[in-house]
Amino acid sequence: MPSYAGLGELLDPATTVLLTVECQQGVVGPDSALPQLAEAARSSGALANVARLVAAAHDRGVQVIHAIAERRPDGRGASRNARLFHAAERLPVQQLSGTAAVRVAAPIEVTEEDFVVRRLHGLSPIQGTEVDALLRNLGCRTLVVTGVSANVAVPNAVFDAVNRGYAVVVPRDAIAGVPADYTPAMIRNTLALVATVTATDEVLGCLKRPRRVTRA
């Protein structure tokens, strides 16, 4: 756990961006294609914590980016080089462009200032998408990563961000995966080696705290 002061330095609202990963109706909503993952995200409180972080980011002027995974109805351009992609093609709920499944799920609120970045291929919310260019143009130094899943997309986002030179903060209670005991193991044995792992309340406390003014 980082010191409160150290976390506060990382979470400067002017240089921090909050990323939500696949927090879409077809993944974490009531009619999810992945009901076990949706249940884990909701019962653990992770989805509610993402919503709290997004609301605080809106209040403090922290940029929010929502990363959405979707596919065209004809499947053109979609990845098919892993078992996961073939399994997704057979799911009863498809993450099709323009449908309710690819809308950001409640209780997360989306404002006009947010970016919604949609990808048609791959596993990463960053690699091969607009996210990295947006972060650089926004002057981002710290990326807060939230959402699902701790199995695939979240670690992809963390590693891609670290490899691109960003500091990464992971609120451990604002991500979820399956089975339930996998998430803390992933955090402890993998994400904690490359990111600053903390809790939603700690992030909220830093965002609400007035920043010190340095005087010449």
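The values are calculated or read from the model by the stated rules, or taken from the named source; none is laboratory data. Predicted model only: the values in this text are computed from it and were never measured. A quick note on method: Cβ atoms are made from the backbone with ideal geometry, for glycine too, and the neighbour counts reach across all protein chains shown. Just so you know, the surface numbers come from the protein's heavy atoms only, side chains and all, with ligands and any DNA or RNA stripped out. Shrake-Rupley method; radii C 1.70, N 1.55, O 1.52, S 1.80 Å.
Every condition in (1) touching a Ser or Thr at 6+ places or on another chain (Cβ under 7 Å); (2) not in a helix (DSSP H, G or I); (3) not small (Gly, Ala, Ser) holds for residue 49 except the one numbered (2).
Residues in the range 12-36 that are in contact with an Asp or Glu (Cβ under 9 Å, 6 or more places away or on another chain) and of a type in the set (A, V, I, L, M): 28 only. If you go through the range 60-73 and keep only what is free of Cβ contacts under 8 Å to residues at least 60 places away in the same chain and more than 13 Å from the chain's Cα centre (by Cα), you end up with 61, 70, 71, 72, 73. With a requirement of 2 or more residues that are among the acidic types (Asp, Glu) and over 16 Å from residue 21 (Cα atoms), the helices (runs of 4 or more DSSP H) lying completely within the range 105-216 that satisfy it span 200-208. Note on the range 14-28: residues that are surrounded by fewer than 24 Cβ atoms within 10 Å (Cβ to Cβ) and over 21 Å from residue 138 (Cβ atoms) amount to 1.
Rundown of residues vs (1) modelled with pLDDT under 95; (2) exposed (fewer than 15 other Cβ atoms within 10 Å of the Cβ); (3) of a type in the set (D, E, K, R), yes/no style:
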residue	(1), (2), (3)
148	no, no, no
156	no, no, no
161	no, no, no
166	no, no, no
169	no, no, no
172	no, no, yes
185	no, yes, no
190	no, yes, no
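Here the range 193-216 is the region considered, the condition is being at pLDDT 95 or above and loosely packed, with under 14 Cβ neighbours inside 10 Å, and the residue that is nearest to residue 56 (Cα to Cα) is 201. Sub-7 Å Cβ pairs linking a first residue in the range 153-176 that is within 10 Å of residue 126 (Cβ to Cβ) to a second residue that is surrounded by fewer than 24 Cβ atoms within 10 Å (Cβ to Cβ) and of a type in the set (D, E, K, R), at least 6 apart or interchain, are 164/132; 166/141, ordered by first then second residue. Looking only at residues in the range 115-146 that are under 18 Å from residue 159 (Cβ atoms) and of a type in the set (Lys, Arg), the one that is most open to solvent (accessible area, probe 1.4 Å) is 141.
Taken together, the residues in the range 67-114 that are touching a His at 6+ places or on another chain (Cβ under 7 Å), open to solvent by 40 Å² or more (accessible area, probe 1.4 Å) and within 24 Å of residue 175 (Cα to Cα) amount to 2. Per this entry, residue 180 is counted among residues that are among the aliphatic types (A, V, I, L, M), open to solvent by 40 Å² or more (accessible area, probe 1.4 Å) and touching a residue at least 60 places away in the same chain (Cβ under 8 Å).
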